[in-house]
RNA sequence: GCCCGGAUGGCGGAAUCGGUAGACGCGCUAGUUUCAGGGACUAGUAAACGCAAGUUUGUGCAGGUUCGAGUCCUGUUCCGGGCACCA
């Protein structure tokens, strides 16, 4: 009987669906385990073999945990709002809901074929009103809360009003003034800031959606623009987002990325008096190098800073305006490209160094950012490379502050050396001087310790159609939250998915987009809104009274294992943690951090194949002979190439141009060239999981993807090895058969058979716990090889073997499990208990060192008592050979398996 | 520029605590099979020398610690990733 994977897989996929095998309920009698995949955005292209890598790993772990007796929550859903569906809708006029629906159906079909153990009854879709009701709800909660720095948590806005009232800052204010005042505190707020504006997409974008001046989606140029937008006060959580990382079981590189993104920087704020003619102001700046204050020779303002207007003198007005204009016109891209170019203009005003009393000029330059610190800096050209470049360009003085530093070519940025030219700081090391300087300015009342973060608030509105509407309406220009009874506020129909003629977002086209006669917000929420709390929704997906019930939350608590790509390091994974911490502050969830352990699966790259066409002919020459001709390299569809050998008939059928192709062969075959490239349609190297399932079966696909290499590593999809894995499954299948007849005996297993089995159980258990799935597959291959050699067809061995294998190859395992006479699914069998007694080696290898030099290794029986070792060493043939007749005076057995021989 | 991570046969990759480097798979070589094959099976396969037993070299490069280093330390080169005027 052959291993008929097509039938087996169809049969068991149907069985699981019909019996709801993987449906899960909260069960306090069992320990819970929550395994989550980052849910996919269902794109039109469908899945390629790279996508399921993480899903397969999480599925193996889920199935393993079930065998270990855990109540496993393993859900899946779709991140269904987003730009591509909308772009497609604009092009074709098709409603994004429709294309999204189609894409989801295709994804589901592809996933089902791989045999995942998801509880599909818990599926969520972010574009489903029953789901986005809770996204909107969370937004309203954020609108109605503020961050209290004293308690260090979010609190209802009422506590703020009470506080303001107490301080006499509330009564007597107009409705508008009150709204504006509260806006400065709300967690979700409407605020004017410089934003990333993408004209091509017609929307603003968050920092993580922009890379090198281009939009991540679509690659369009992005510019800076001051706009009024909804924002989330993520920055309020900066410290907690940073310190929370310590408790997480994430990779160091991922934590490091988040730390960089949060960008904590410890320093001081200092007050400088600035003079524009006879007008005097106090200007606060931020610095991490308070010790260098004696070296300040000028000040610099960001072009967008409010100080620019106050400090521009009438004489300099024209020059400053010209500078601002040309700075404004630059796109973000140009700003980045010209990073090294120094530009700036003198404001005409002067500042006074609070320590030296010296007068220094105030300049304006692009290299100072409005959004960080106070948008103004003190410049110390001797010890900051950017200030140095600026001073050199505009001929400003440079005062060295560290003994013996060389500043003739560049600044001395290192925080080391002994201070000089610095008044009371002279003679101190830099490390002493920094706190000493801050202590001094604090004592003098001209500055204070301050921590700044790079992390900015998240821009939360998008001028697009396909997203969650804001439950906000405007009365007299003041934004008001809609009552909860209005949720979900459903996305309205529009005639076109484009902005209006007046440049308003698409929702402005909707008929009657009002609440009690007042206009409703026309922006929609960004992609990360729906993905920020989806892991909570899976716990209780059908609850229409709450995002998640207290009971469900207290049982499932948090995600124990989260698997997904590293591309979400500074986006989703920050927002989600923020969102969770906010809900935690409000008392809706019981864990501070949502994702306990996180694994980033590597990308699967494509392995492209090439054919070589002799120029101006339709003749193709095999790779090994191509250097003898003048050829053009052409990508060829990897699906008509097997082990780098071209299927020539399929090639002729592939494209009309090649129908008459001729070939120059090597040994009767056409060998293709190859290269590792990104998996993409244009390089014809996309491998679809369906075609692999068709050819080899889902179990082979699953095992092969794991066998390819460590989970976290990026690696190319290389079909060369897949035959080996398939061969292994067939060999495993054959273990159960004697000349085509299923024949498993109840005979007692021999020590050798038990050893092979338990070696596997121990290794597999250990490797799976460490997510080393590639070595687990190797262990399977070794075990099956050994059992084949032993001609073992015993139930005592084969039953546990099948259980251990079942997380990796569930279909074949189910089939054999049934043939072994079990009525129930193997999914909830008990993982066999590892007994190390069976695997003990008979002999131990001892490295032997003699007269101080290690020379050789001898093998002694494990059963040897320590007192017997000496005699055994003396008697060993190797010992005799190396001692060459010298007398052994003493043998010392060192713990840790070292034997010393003294002659 | 700054911060992470990595470098092991022809290839993907093993090596849990510093203890026989190269597991497992691919590929390749030879052979077996009433063998159409992209089938099944057996043996070999780090390199150099050798008929062989064997000997020597060997984990990017240069040093160091150790009886012993792919593994630890110092320096260096290359590759991958992240951040990038963040004061």
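Take the residues of the stretch A:388-401 that are out of contact with any helix residue (DSSP H, G or I) (no Cβ under 8 Å at 6 or more places or on another chain) and over 26 Å from residue A:263 (Cα atoms): which is farthest from RNA strand B (Cβ to nearest atom)?
Out of the qualifying residues, it is A:395.
I'd like the full set of residues that are touching a residue at least 24 places away in the same chain (Cβ under 8 Å) and over 41 Å from the mean Cα position of the chain (by Cα), limited to the stretch A:798-836.
Answer for the stretch A:798-836, where residues must be touching a residue at least 24 places away in the same chain (Cβ under 8 Å) and over 41 Å from the mean Cα position of the chain (by Cα): A:819, A:820.
Do any strands (runs of 3 or more DSSP E) entirely within the stretch A:564-663 hold 1 or more residues that are under 42 Å from the mean Cα position of the chain (by Cα) and within 14 Å of RNA strand B (Cβ to nearest atom), and if so, which? First the steps, then the outcome.
Values: elements: A:595-600, A:604-614, A:619-621, A:631-636.
Result: A:595-600, A:604-614.
State the number of residues belonging to the stretch A:67-110 that are outside any helix (DSSP H, G or I) and under 30 Å from residue A:831 (Cα atoms).
Counting residues in the stretch A:67-110 that are outside any helix (DSSP H, G or I) and under 30 Å from residue A:831 (Cα atoms) gives 10.
Mind listing just one residue for me: the one in the stretch A:260-278 that is modelled with pLDDT of 90 or more and part of a helix (DSSP H, G or I) and, of those, farthest from RNA strand B (Cβ to nearest atom)?
Only one residue fits best here, namely A:262.
Per-residue answers, yes or no, for (1) free of Cβ contacts under 8 Å to residues at least 24 places away in the same chain; (2) over 26 Å from residue A:311 (Cα atoms); (3) crowded, with 17+ Cβ neighbours inside 10 Å:
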site	(1), (2), (3)
A:357	yes, no, no
A:363	no, no, yes
A:367	no, no, yes
A:371	no, no, no
A:386	yes, no, yes
A:390	no, no, yes
A:401	no, yes, yes
A:409	yes, yes, no
A:418	yes, yes, yes
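Take the residues in the stretch A:287-322 that are within 14 Å of residue A:272 (Cα to Cα) and over 43 Å from the mean Cα position of the chain (by Cα), then tell me which one is surrounded by the fewest Cβ atoms within 10 Å (Cβ to Cβ).
My answer is A:297.
Which condition breaks for residue A:769 when tested against (1) near RNA strand B (Cβ under 9 Å from one of its atoms); (2) free of Cβ contacts under 8 Å to residues at least 24 places away in the same chain?
Against the list (1) near RNA strand B (Cβ under 9 Å from one of its atoms); (2) free of Cβ contacts under 8 Å to residues at least 24 places away in the same chain, residue A:769 comes up short only on (1).
Name the one entry in A:720, A:713 that is near RNA strand B (Cβ under 9 Å from one of its atoms), surrounded by fewer than 19 Cβ atoms within 10 Å (Cβ to Cβ) and not in a helix (DSSP H, G or I). Working first, answer last.
Numbers: A:720 fails: not in a helix (DSSP H, G or I).
Being near RNA strand B (Cβ under 9 Å from one of its atoms), surrounded by fewer than 19 Cβ atoms within 10 Å (Cβ to Cβ) and not in a helix (DSSP H, G or I) holds for just one of A:720, A:713, which is A:713.
May I ask you to verify whether residue A:245 is more than 29 Å from residue A:425 (Cα to Cα) and in a helix (DSSP H, G or I)?
The answer is yes for residue A:245.
Could you tell me how many of the residues in the stretch A:772-795 are farther than 21 Å from residue A:702 by Cα and near RNA strand B (Cβ under 9 Å from one of its atoms)? Please lay out each step first, then the result.
From the stretch A:772-795, those farther than 21 Å from residue A:702 by Cα are A:786-795; that's our starting set.
Still in the running and near RNA strand B (Cβ under 9 Å from one of its atoms): A:788-789.
Going through the stretch A:772-795 one residue at a time, the tally reaches 2.
Which of the following residues is under 13 Å from residue A:599 (Cβ atoms), at pLDDT 95 or above and surrounded by fewer than 24 Cβ atoms within 10 Å (Cβ to Cβ): A:61, A:33?
Going through A:61, A:33 in turn, the sole match is A:61.
Could you tell me whether the stretch A:739-754 includes any residue that is in contact (Cβ under 8 Å) with a residue 60 or more places away in the chain, part of a helix (DSSP H, G or I) and over 24 Å from residue A:560 (Cβ atoms)?
yes
When both residues are 6+ apart or on different chains and their Cβ atoms are under 6 Å apart, which pairs have a first residue that lies in the stretch A:714-735 and is at pLDDT 90 or above, and a second that is outside any helix (DSSP H, G or I) and more than 7 Å from RNA strand B (Cβ to nearest atom)?
Qualifying pairs under 6 Å: A:730/A:3; A:733/A:3.
Does the stretch A:723-734 hold any residues that are more than 6 Å from RNA strand B (Cβ to nearest atom) and surrounded by fewer than 22 Cβ atoms within 10 Å (Cβ to Cβ), and which are they?
Of everything in the stretch A:723-734, those that are more than 6 Å from RNA strand B (Cβ to nearest atom) and surrounded by fewer than 22 Cβ atoms within 10 Å (Cβ to Cβ) turn out to be A:726, A:728, A:730, A:733, A:734.
Can we say residue A:768 is closer than 30 Å to residue A:106 by Cα, under 31 Å from the mean Cα position of the chain (by Cα) and not in a loop (DSSP other than H, G, I, E, B)?
Spelling it out, it is not the case that residue A:768 is closer than 30 Å to residue A:106 by Cα, under 31 Å from the mean Cα position of the chain (by Cα) and not in a loop (DSSP other than H, G, I, E, B).
Does residue A:45 meet the test of being surrounded by fewer than 16 Cβ atoms within 10 Å (Cβ to Cβ) and at pLDDT below 95?
Numbers: surrounded by fewer than 16 Cβ atoms within 10 Å (Cβ to Cβ): yes; at pLDDT below 95: yes.
For residue A:45, the condition - surrounded by fewer than 16 Cβ atoms within 10 Å (Cβ to Cβ) and at pLDDT below 95 - is met.
Name every residue in the stretch A:231-246 that is closer than 13 Å to residue A:580 by Cβ and out of contact with any strand residue (DSSP E or B) (no Cβ under 8 Å at 6 or more places or on another chain), in order of residue number.
Hits for the stretch A:231-246 are A:240, A:241, A:244.
Of the conditions (1) modelled with pLDDT under 95; (2) closer than 19 Å to residue A:203 by Cβ; (3) touching a helix residue (DSSP H, G or I) at 6+ places or on another chain (Cβ under 9 Å), residue A:520 clears all except one; give me its number.
The number of the failed condition is (1).
Would it be correct to say that residue A:180 is within 16 Å of RNA strand B (Cβ to nearest atom) and either farther than 30 Å from residue A:257 by Cβ or outside any loop (DSSP other than H, G, I, E, B) (or both)?
No; evaluated as a whole, the condition is false for this residue.
What's the number of the only condition in (1) within 16 Å of RNA strand B (Cβ to nearest atom); (2) in contact (Cβ under 8 Å) with a residue 40 or more places away in the chain that residue A:686 fails to meet?
For residue A:686, the failing item is (1).
Quick one: is residue A:561 away from RNA strand B (no atom under 16 Å from the Cβ) and surrounded by 20 or more Cβ atoms within 10 Å (Cβ to Cβ)?
Values: away from RNA strand B (no atom under 16 Å from the Cβ): yes; surrounded by 20 or more Cβ atoms within 10 Å (Cβ to Cβ): yes.
It is true that residue A:561 is away from RNA strand B (no atom under 16 Å from the Cβ) and surrounded by 20 or more Cβ atoms within 10 Å (Cβ to Cβ).
The values are calculated or read from the model by the stated rules, or taken from the named source; none is laboratory data. For clarity, every value in this text was computed on a predicted model and none was experimentally measured. Methodologically, a virtual Cβ is constructed for each residue, glycine included, from the backbone with ideal geometry; neighbour enumeration extends over all protein chains shown.
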